[in-house]
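Throughout, read-outs are computed from the coordinates displayed, never taken from laboratory work. What you see is a predicted model; the values in this text were computed from it and never measured. Using ideal geometry, Cβ is built from the backbone for each residue, glycine included, and neighbour counts are taken over all protein chains shown.
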Amino acid sequence: MNIELMQERADHAVVLLKALANERRLFILCHLLNEGEMCVGEMNKKLGLSQSALSQHLAWLRKDNLVSTRKEAQTVFYSLKSDEVKEIIKLLNNIYCH
């Protein structure tokens, strides 16, 4: 494997690990894994975070390409973006959330 590719992958891993280092963002990602696609209102009720805090965490996750969005009228739905994110969250979920 060439060094540039290794560096690129390491950079991507660091972004993911920084997001996972926050308890609330990890909780959001685990919830999206278990529940599937959810809108902010649903997450707000289930996670017990304020709308403001939840929106800030979702913006962080969206910026780092960990979640994807789909808009339906005025409602924005969130889901885990990639299979690699799903696999890592699934592993953490199996170890720490059961």
Exercise. Yes or no: residue 91 in a helix (DSSP H, G or I) and in contact (Cβ under 8 Å) with a residue 60 or more places away in the chain?
Worked result: no
Seminar exercise, completed: Expected output for the range 30-46 (first residue farther than 18 Å from residue 59 by Cβ, partner assigned to a strand (DSSP E or B), Cβ below 8 Å, 6+ apart or cross-chain) is 33/80; 36/79; 46/38
Exercise. Got a number for residues in the range 45-88 being polar (S, T, N, Q), loosely packed, with under 11 Cβ neighbours inside 10 Å and in a helix (DSSP H, G or I)?
Worked result: 1
Exercise. Looking at the range 11-40, which of its residues are exposed (fewer than 10 other Cβ atoms within 10 Å of the Cβ) and of a type in the set (A, V, I, L, M)?
Worked result: 21
Exercise. Quick one: what pairs do we get from the range 50-72, first residue more than 15 Å from residue 86 (Cα to Cα), second in a helix (DSSP H, G or I) and among the small types (Gly, Ala, Ser), C-beta under 8 Å, 6+ apart or different chains?
Worked result: 60/19
